[in-house]
1. Being in contact with a strand residue (DSSP E or B) (Cβ under 7 Å, 6 or more places away or on another chain) and farther than 23 Å from residue 215 by Cα, is that true of even one residue in the stretch 134-151?
2. Which of the residues belonging to the stretch 297-317 are among the hydrophobic types (A, V, I, L, M, F, W, C), in a loop (DSSP other than H, G, I, E, B) and either open to solvent by less than 10 Å² (accessible area, probe 1.4 Å) or within 25 Å of residue 63 (Cβ to Cβ) (or both)?
3. Looking only at the stretch 212-228, decide whether some residue is open to solvent by less than 10 Å² (accessible area, probe 1.4 Å), farther than 24 Å from residue 134 by Cβ and among the hydrophobic types (A, V, I, L, M, F, W, C).
4. Taking the stretch 229-249, which residues are under 19 Å from the mean Cα position of the chain (by Cα) and either open to solvent by 30 Å² or more (accessible area, probe 1.4 Å) or among the hydrophobic types (A, V, I, L, M, F, W, C) (or both)?
5. Please give the number of the condition residue 294 fails out of (1) of a type in the set (Ser, Thr, Tyr); (2) modelled with pLDDT under 95; (3) farther than 30 Å from residue 36 by Cβ.
6. Please work out which one of (1) of a type in the set (Gly, Ala, Ser); (2) over 30 Å from residue 149 (Cα atoms); (3) part of a strand (DSSP E or B) is the condition residue 320 fails and give its number.
7. Among the strands (runs of 3 or more DSSP E) contained in the stretch 1-76, which hold 3 or more residues that are open to solvent by 50 Å² or more (accessible area, probe 1.4 Å), β-branched (Val, Ile, Thr) and modelled with pLDDT of 90 or more?
8. I need the full set of residues from the stretch 130-160 which are surrounded by fewer than 20 Cβ atoms within 10 Å (Cβ to Cβ) and of a type in the set (A, V, I, L, M, F, W, C), in order please.
Amino acid sequence: MITRCLIAAGISLVMGATTVAAQTCGGVYTVKRGDSLSLIADSQYKDAKKWSAIHQGNIAAIGSNPDSIHVGQKLRLTCIGGLPQGLEGGTVQAAASSTDDTAVVTTSSNASAAVQVSARDRKIKLVTADDYAPFTDRKLPGGGLITEVVDSAMKGNAEVKDFGIYVVNDWSAHLDPLLTDAVMDLAYPWYKPDCNAMPDNWRCQNLHFSEPMFEILVLLFTSKERPLVFNSDADMEGKTLCRPKGFFTHDLEGNGRLWLTKGLVKLEQPITMADCFELLEEGKVDAVAINEFSGRTAMKELNLEDKVDVVQSRPLSIEGLHVVVGKSHPQAEEMLELINTGLDGLKRSGDYQRIVDSHMTRIWESF
């Protein structure tokens, strides 16, 4: 019965009208003496608050501390609102178009026109869901950032002869029973807990994780009237954070923090993101702790941009979004190898960065 609710989702893109008046945008910035991410954002984007966009795009090079940049370091800057211009390695951007790009979901199971599909080969089934912008949603270009990455990685791996991406809009069913009963082979996107610190975590015990498809910053959103200092973990002792019910909490426990176990930090978990920001406005919590994109989207939708600040000193954590497979799957290791090999090829070809840049441009221009 459960397979009847699955919807095959092969992603195709219907492009808008031909564009004109192209110019280059984005590219590689070389760090100069005295630079900080906010100063670079101010000079290149004319908006110091876009420091986190630079951090987000260069997590591998910068690490968790946004201050750990050095003279001569090369940072890739995504094109946002037509800026920055004149940098080496910029891409051609369309200045105008009569229609927007539209993502169209079709019912298709073939991997790619470039890959020979054989009925004799095993079909790999991946499951995701809608309503997780900007990562997965059939209304988004490419089905969302992670869906486009996964789809392209699978298509780019010649060893993958046939696969399908299915949408089941019940996230709670993805890991169990869909993976545990082998109805689906792979699921995405899922966070990976600190399994060294929390070996008893259900995901650690039951799942294998791919290399991260994408990494995001988890930030602290706080009231401008009550600034929050976060230079070290000790600064958070006695504070009250808010994160909607159902969201992960492993970053509050991992890396030796044990904030909740030891009662060092209190966590409020209302139903919605809006509830968290209401508690922040009322002074009942010190900060909303959420991934950057969800937090900034909520700030915009709730008209809180003049009342809420993002703590700039450091992220709360950096979390990867992974493809997962059940450890009980008889071909678990092979499945992981297929997706990881596809992702590696996508990065080596430059297509991974192209996909990420395209989505990041849209995302940041929406804030």
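1. no
2. Residues satisfying the conditions are 304, 311, 316.
3. Scanning the stretch 212-228 turns up no residue that is open to solvent by less than 10 Å² (accessible area, probe 1.4 Å), farther than 24 Å from residue 134 by Cβ and among the hydrophobic types (A, V, I, L, M, F, W, C).
4. Passing the criteria: 246, 247, 248, 249.
5. (3)
6. (2)
7. Result: empty, no element qualifies.
8. Correct list: 133, 158.
The values are calculated or read from the model by the stated rules, or taken from the named source; none is laboratory data. Only a predicted model underlies this, so the values are computations on that prediction, with no experimental measurement involved. Glycine also receives a Cβ, built like all others from the backbone with ideal geometry; neighbour counts cover every protein chain displayed. All accessible areas refer to the heavy atoms of the entire protein, side chains included, with ligands and DNA or RNA removed. Shrake-Rupley method; radii C 1.70, N 1.55, O 1.52, S 1.80 Å.
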